[in-house]
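The values are calculated or read from the model by the stated rules, or taken from the named source; none is laboratory data. What you see is a predicted model, and the numbers here were worked out from it, not measured in a lab. Cβ placement follows ideal geometry from the backbone for every residue including glycine, while neighbour counts extend to all protein chains displayed. Please note that ligands, DNA and RNA were not included when accessible areas were found on the heavy atoms of the full protein model with its side chains. Shrake-Rupley method; radii C 1.70, N 1.55, O 1.52, S 1.80 Å.
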Amino acid sequence: MMNHQSDDVPCMQSSLLGSHSSLHEVQSINSAELVARLESYEGSGKKGISDVRRTFCLFATFDLLFVTLLWIIELNTHGILDALQREVLQYDYYTSFFDIFLLSVFRFSMLIFAYAMCKLRHWWAVAITTSTTCAFLLVKVILSKLFSQGAFGYVLPIMSFILAWIEAWFLDFKVLPQEAETENRRRVIRSVSERAALLPPAPISEGQFYSPPESPEESDEEVEEKQDIEKPLV
């Protein structure tokens, strides 16, 4: 029985050592995951522009190209050279679509400058472009004679109005919240990784590996026989 107990002691010590090493492995894995996440966030930040902001800039470019395409199609229906001379050189606020094209150029230039070049993190630039577009189109539709110009008198103002509001919605509900969430995650992971790096590794406590005193190798029967032999004869 005593031999069986003495054999259990090294087993207990090895199991404790194994649990302690597994704890260290878990801590190292967690710290490695934190470092990997931090590097991925920092790598995305080094791009200079996030993916969702790049999508917004692409949509602003699409706005300009789409309105330009519609305006060119409208010019081509009446002969492109004569229509250009009539709408650009002889500009008339009540019948020309040239100002709607310039309005699209204004939106594109301001949005790209503010959110791609200056990397603005506020909604005031898109608010200016959207409010200016809405005010101009409302006044033009009320005062001008666009509806007498055929289908493009309806299509160009409506499409410019819709595209301006899509840009405002996309920036306010997609770009800015997602970038703010990414920045908060980066800060949390950086703070956790810095605190984990400052913490020293847990020392091995001697109390965890306490072993009882070594038991004699003889069995109980051998001990009793020795005691009987050592007894004095009466």
TODO: Kindly indicate whether any position in segment 44-55 is over 20 Å from Leu146 (Cβ atoms), open to solvent by less than 50 Å² (accessible area, probe 1.4 Å), modelled with pLDDT of 90 or more and assigned to a helix (DSSP H, G or I).
DONE: yes
- [ ] Provide a single number: the residues in segment 73-101 that are in a helix (DSSP H, G or I) and open to solvent by 80 Å² or more (accessible area, probe 1.4 Å).
- [x] 6
Open item on the list: On the basis of being open to solvent by less than 70 Å² (accessible area, probe 1.4 Å), within 34 Å of the chain's Cα centre (by Cα), at pLDDT below 90 and not aliphatic (A, V, I, L, M), does Ser191 make the cut?
Closed with: yes
Open item on the list: Go through segment 102-123 and report how many residues are open to solvent by less than 40 Å² (accessible area, probe 1.4 Å) and under 23 Å from Leu84 (Cα atoms).
Closed with: 3
Open item on the list: Can you report the number of residues in segment 83-131 which are among the acidic types (Asp, Glu) and closer than 18 Å to Leu176 by Cβ?
Closed with: 0
TODO: Can you give me the number of residues within segment 124-152 that are surrounded by 15 or more Cβ atoms within 10 Å (Cβ to Cβ) and in contact (Cβ under 8 Å) with a residue 24 or more places away in the chain?
DONE: 13
Task: Residues within segment 153-170 that are open to solvent by less than 20 Å² (accessible area, probe 1.4 Å) and either under 18 Å from Glu87 (Cβ atoms) or hydroxyl-bearing (Ser, Thr, Tyr) (or both), tallied - done: 4
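Working carefully through the options Leu65, Leu58, Leu70, Leu89, find the one that is touching a Leu at 6+ places or on another chain (Cβ under 6 Å) and either at pLDDT 90 or above or acidic (Asp, Glu) (or both).
Working: Leu65 fails: touching a Leu at 6+ places or on another chain (Cβ under 6 Å); Leu58 fails: touching a Leu at 6+ places or on another chain (Cβ under 6 Å); Leu89 fails: touching a Leu at 6+ places or on another chain (Cβ under 6 Å).
When all the criteria are applied, what remains is Leu70.
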